[in-house]
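The structure under discussion appears below in the form of structure tokens.
The values are calculated or read from the model by the stated rules, or taken from the named source; none is laboratory data. Predicted model only: the values in this text are computed from it and were never measured. Don't worry about glycine lacking a Cβ; one is built from the backbone with ideal geometry, like all the others, and counts go over all protein chains shown.
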Amino acid sequence: MGAGKSRLGKQLAEALNLPFIDSDAQIEQKEGKNITEIFRTKGEAYFREKEVEFVRELAMKDAFVCATGGGLPCFHNLMQKLNKIGTTIYLKNSTETLVKRLQNETDKRPKLADLSSEELAEFISKAVKERESVYNMAHFSLNENEQTTEKMRSILLNG
């Protein structure tokens, strides 16, 4: 959440002349509701099942660049499935950077709604610690100063 997946993904897709796919946007489109509404009306378990369906459909597509929601890789062994579908990159950011990027978006993100700045920092720190072992399964990991379209393009073309 807030790592820059969608922004960098779109830039990379454009640089490689490939379609860009955003898991959250695809699920929102199919459901006719935004993620916050899906969580509120149908619950997280329902949303996670929609992510499973998304990854199943993704496996049938040809070359593309995809940005997933931050939680997607952490449920139903989806990180392992993503690794089989293509090359995965973990965009590793500090808690401070993520707080800075997310502090004005809490109303758009169901898990961040109504959190104070201090609570937001605690939530992000805890979430990263809980998810990091899964994120580290990605084929590549890029620290904040490495997160450029050029670096990702180089990884994809040269390994």
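Data table
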quantity	calculated
Residue count for segment 1-31, restricted to those that are in a loop (DSSP other than H, G, I, E, B) and in contact (Cβ under 8 Å) with a residue 40 or more places away in the chain	6
Search result, residues across segment 23-37 that are at pLDDT 95 or above, more than 22 Å from LEU91 (Cβ to Cβ) and touching a helix residue (DSSP H, G or I) at 6+ places or on another chain (Cβ under 8 Å)	LYS30, GLU31, LYS33
Extreme residue, nearest to GLN80 (Cα to Cα), among residues of segment 19-51 that are of a type in the set (A, V, I, L, M, F, W, C) and surrounded by fewer than 16 Cβ atoms within 10 Å (Cβ to Cβ)	ALA45
For PRO110: the one exception among (1) part of a loop (DSSP other than H, G, I, E, B); (2) in contact with an Asp or Glu (Cβ under 7 Å, 6 or more places away or on another chain)	(2)
Evaluation of SER133 against (1) in contact with a Phe, Trp or Tyr (Cβ under 8 Å, 6 or more places away or on another chain); (2) surrounded by fewer than 17 Cβ atoms within 10 Å (Cβ to Cβ); (3) polar (S, T, N, Q) (one fails), failing number	(1)
Qualifying positions in segment 136-159 - crowded, with 17+ Cβ neighbours inside 10 Å and within 12 Å of ASN93 (Cβ to Cβ)	LEU142, GLN147
Complete set of residues in segment 99-120 that are surrounded by 14 or more Cβ atoms within 10 Å (Cβ to Cβ) and either at pLDDT 95 or above or among the charged types (D, E, K, R) (or both)	ARG101, ARG109, LYS111
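Yes/no matrix, rows are residues, columns are (1) over 23 Å from ALA15 (Cβ atoms); (2) within 14 Å of the chain's Cα centre (by Cα); (3) in contact (Cβ under 8 Å) with a residue 40 or more places away in the chain:
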| position | (1), (2), (3) |
| --- | --- |
| LYS50 | yes, no, no |
| VAL55 | yes, yes, no |
| ALA59 | yes, no, no |
| ALA67 | no, yes, yes |
| CYS74 | yes, yes, yes |
| LEU78 | yes, yes, no |
| LYS81 | yes, no, no |
| ILE85 | no, no, no |
| LEU91 | no, yes, yes |
